[in-house]
1. Regarding the range A:384-395, can at least one residue be identified that is more than 30 Å from B:Ala50 (Cβ to Cβ), of a type in the set (A, V, I, L, M, F, W, C) and without any contact (Cβ under 8 Å) to a residue 60 or more places away in the chain?
2. Only one of these conditions is not met by B:Ile29: (1) closer than 29 Å to B:His165 by Cβ; (2) more than 16 Å from the ligand (Cβ to nearest atom); (3) in contact (Cβ under 8 Å) with a residue 24 or more places away in the chain. Which number is it?
3. Which of the residues belonging to the range A:275-293 are facing chain B (nearest Cβ under 9 Å) and open to solvent by less than 20 Å² (accessible area, probe 1.4 Å)?
4. Within the range A:501-543, how many residues are more than 9 Å from every other protein chain (Cβ to nearest Cβ) and modelled with pLDDT of 95 or more?
5. From A:Lys505, A:Lys418, which residue is within 16 Å of the ligand (Cβ to nearest atom) and open to solvent by 60 Å² or more (accessible area, probe 1.4 Å)?
6. Find the strands (runs of 3 or more DSSP E) located wholly in the range A:342-429 whose residues include 2 or more that are at pLDDT below 95 and among the hydrophobic types (A, V, I, L, M, F, W, C), and list them.
7. Name the pairs whose Cβ atoms lie under 6 Å apart, with the first residue in the range B:157-173 and in contact (Cβ under 8 Å) with a residue 60 or more places away in the chain, the second more than 8 Å from the ligand (Cβ to nearest atom) and open to solvent by 20 Å² or more (accessible area, probe 1.4 Å), and 6 or more positions between them or separate chains?
8. How about the range A:233-248: which of its residues are under 18 Å from A:Ser275 (Cα atoms) and touching a residue at least 12 places away in the same chain (Cβ under 8 Å)?
Amino acid sequence: MTLRQLLAAGMLCAAALVQTAVLAADIPSLGDKLPPHKSTADHSKFKELDKVFKTGPEVTKACLACHNDAAKQVQHTKHWTWEVIDPKTGQKLGKKNIINNFCTSTVSNEKDCMACHAGYGWEDKTFDFSKEESVDCLVCHDSTGTYRKLPGDAGHPIYVRKEFPAGSGKFVEPVDLQKVAQGVAMPTRTNCGTCHFFGAGGDGTKHGDLDSSLRNPPKFLDVHMDAKGLNFSCVNCHKTSQHQVAGSRYELAASRTGKPQPQGKVDDNPASCQSCHGDKPHKESLLHAERLNTHTDTLACQTCHIPEYSRGSVGTEKVWDWSTATKMGPDGKPVLKKDSIGRRAFDSKKGDFVWDSYLKPEYRWFNGKVAFTTRGDKIDPTKTVEINHPEGKPNEPGARIWPFKVHRGKQAYDPELKNLLVVHTAGEDHTALWHNFDWPKAITTGMETAGLPWSGKYDFVSTEMSWPIAHMVAPKGDAVPCAQCHQAEGRLAGIDGIWLPGVHKNELIDTVGWLAAALALIGTLIHGIVRLCVPCRKPRSKA
Amino acid sequence: MIDPVRPGYVYLYKRYERFWHWAQAALIIFMMITGFEIHGAYENFGFKRAVELHTLSAWTLLILWAFTIFWQFTTGEWRQYIPTFKKVGAMVHYYSIGIFTHAPHPFHKTTSSKHNPLQRLAYLALLSMVSPIIWGSGLLYLFFAYWKDFGLDKWLSLQGVALTHTAGAFMMLVFFIAHVYLTTTGHTPFAHIKTMITGWEEADEH
Ligand code: HEM
């Protein structure tokens, strides 16, 4: 390039810069200030929403006037059907079908349980799953924080002022549906948390890695959701498409190999750590020689990066023992006891509970498939019944060692037919356990509603349920230190199929080795002592 | 061969040789300390730190060896390790009987033959057996992450490599104990050590 060409190019660039500067200066005068919300539509300005709504379904109809496929999409999700068919076993799963380790079964208890259904009016078997206005848009899209659904209303929000819990003297005000409808937005942590933080009926009860402390978490609690940092919402990872939320526990990718997937690229499971981080995410010096990155062939990311779950005062439930339910206080009245920090410890309706915080997970090989013990399945009451069994053999491709919260308990079963029982717990009728404290009546209604036979006998069996831990990812400095596994009786004690330096040894090599060293030491010591003590026979030739 | 500069003394170990010997000694002692911690025998640095320090010393030893092998060949000193069975019997007799009666040492060190025949055999065993076991298994252990890239994962197991390495470490420990003891068998307990520090050996001595 000649000097003249250079000069010319420089002048052209300068001219272009001046030009854009002038244009940029013009932009603010082009229109109003940028609206505060991210969406391209301001719902508070729509006349369709500027009216008094009496019920949830009325709001849904208004939503569907524009979002005409939204209800159909939702109706294809688990959030609506509460049903999952295991593609491998054909087993019918999902909240509608399984018996869990907490409130056990939704069947015959719909009016209460459906407080967490993304719909309105599921009271019993007769619920019409095809009715579009029964889809609840607001529970996920409310941004006002005023939309609440309570047990007992089959998924409807509060339309009239109501005492809750009954007899508590506390009242819940009706929701202003117009305000909620006008303020709809993308779901936040608080929206998802409405149900997922409160699974099994209370804050933190079920998961252990999901509770209300994640609404506004500090960095130490979760690096991604850190309110002052990355501030991820749930759907950042659980990316949705057509209202299908990625990353269900029922179809979990226990391992994912390969490079990170840029957002937008088709990904079989965008909710895994590896979708953004890849499966070899550690930058390591020669001193580490890719040691951490090899760990990813054996361990799930969560195993090291979630050192403890329930890292806060909310805590989580470890044990629910139904066998003591219906026990009354000395005055014959139901009792409610709390533990030292106010979490439920005993309830005549429900039995005994044990809660705790800052819990170390239990570890298991897991390939993402889970076998459930559901309604009517035969059980062996002499053993602890696994409500769900995380499958996966040591070192099988696709299996990794995963952290789990294992929730233990006791629940009712049929000692003759050898299956778990469906119990009618919630309700105001005379057979509901929580109303009348009568097991046989509650079981009769429960099993009848489920359409299953009952021998008339009941007893309690030990059960456990495993929950993969995937949230509350700690900052990297808080990851599980090496020595917590690489030591005798460490975190991975009892896990098959791995050779852990520092833990695993060969008895023979160790015995022979230490013995040889000891003999060498003793031998040389004796040799030395003898050398020093045996009197000289020949004088030394030189001093 | 009497040194003209310092009558009565032989200059047995040159400066690099002494440096190499003590550096290697320090590294090996440190590798035993960190290695057996990794093995789970005790807790000192903590597992992670022990692994890092062990690896660091391995790299350092590797570099030291690179120079030393070069040195051995350019100076011809490698010939010191050629085994000889001459006088092996005499050496065994000396260590088991003669040493207690203050019999004269059957071997006289010279610059061309610094090690007694038993020593030669011991060092050769160390070089040809213990070192390859430790190095071979140590490098494989260190580069476990790369086995797949070279198809080694079909042939090797971490367990086998770790156990081989541990066995090598025990051999090294036994060698170390015997070696340290034998340094005290000069005409005074510290004579050999002094020689290895200064390089000078008293000429008339065994
Ligand atoms: C005097 C030399 C050495 C001694 C005494 C020694 C000793 C040991 C011992 C006792 C262990 C624990 C083994 C187990 O329980 O699995 C160990 C581990 C190890 N050593 Fe050595 N070693 C030596 C040299 C080396 C060298 C030269 C290398 C590499 C080139 C090396 C690399 C390793 C590695 C990678 C580990 C395993 C650390 C891990 O857990 O990742 N060592 N060593």
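1. Filtering the range A:384-395 down to residues more than 30 Å from B:Ala50 (Cβ to Cβ) leaves A:384-393.
Next, from what is left, pick out any that are of a type in the set (A, V, I, L, M, F, W, C): A:385, A:387.
Subset that is without any contact (Cβ under 8 Å) to a residue 60 or more places away in the chain: none.
Scanning the range A:384-395 turns up no residue that is more than 30 Å from B:Ala50 (Cβ to Cβ), of a type in the set (A, V, I, L, M, F, W, C) and without any contact (Cβ under 8 Å) to a residue 60 or more places away in the chain.
2. Among (1) closer than 29 Å to B:His165 by Cβ; (2) more than 16 Å from the ligand (Cβ to nearest atom); (3) in contact (Cβ under 8 Å) with a residue 24 or more places away in the chain, the lone unmet condition for B:Ile29 is (2).
3. A:Ala289, A:Asn293
4. Residues in the range A:501-543 being more than 9 Å from every other protein chain (Cβ to nearest Cβ) and modelled with pLDDT of 95 or more: 6 in total.
5. Testing whether each residue is within 16 Å of the ligand (Cβ to nearest atom) and open to solvent by 60 Å² or more (accessible area, probe 1.4 Å) leaves just A:Lys505.
6. Numbers: elements: A:344-347, A:351-356, A:362-366, A:370-372, A:388-390, A:400-414.
Fully inside the range A:342-429 and qualifying: A:370-372.
7. Close Cβ pairs satisfying both conditions: B:Thr166/A:Ile509.
8. Of the residues in the range A:233-248, the ones under 18 Å from A:Ser275 (Cα atoms) are A:233-241, A:244-248.
Correct list: A:Ser233, A:Cys234, A:Val235, A:Asn236, A:Cys237, A:His238, A:Lys239, A:Gln244, A:Val245, A:Ala246, A:Gly247, A:Ser248.
The values are calculated or read from the model by the stated rules, or taken from the named source; none is laboratory data. What you are looking at is a predicted structure, and each value in this text was computed from that prediction instead of being measured. Counting neighbours? That spans all protein chains shown, and the Cβs are built from the backbone with ideal geometry, glycine included. Remember, those area values only see protein heavy atoms, side chains included, never the ligands or the DNA or RNA. Shrake-Rupley method; radii C 1.70, N 1.55, O 1.52, S 1.80 Å.
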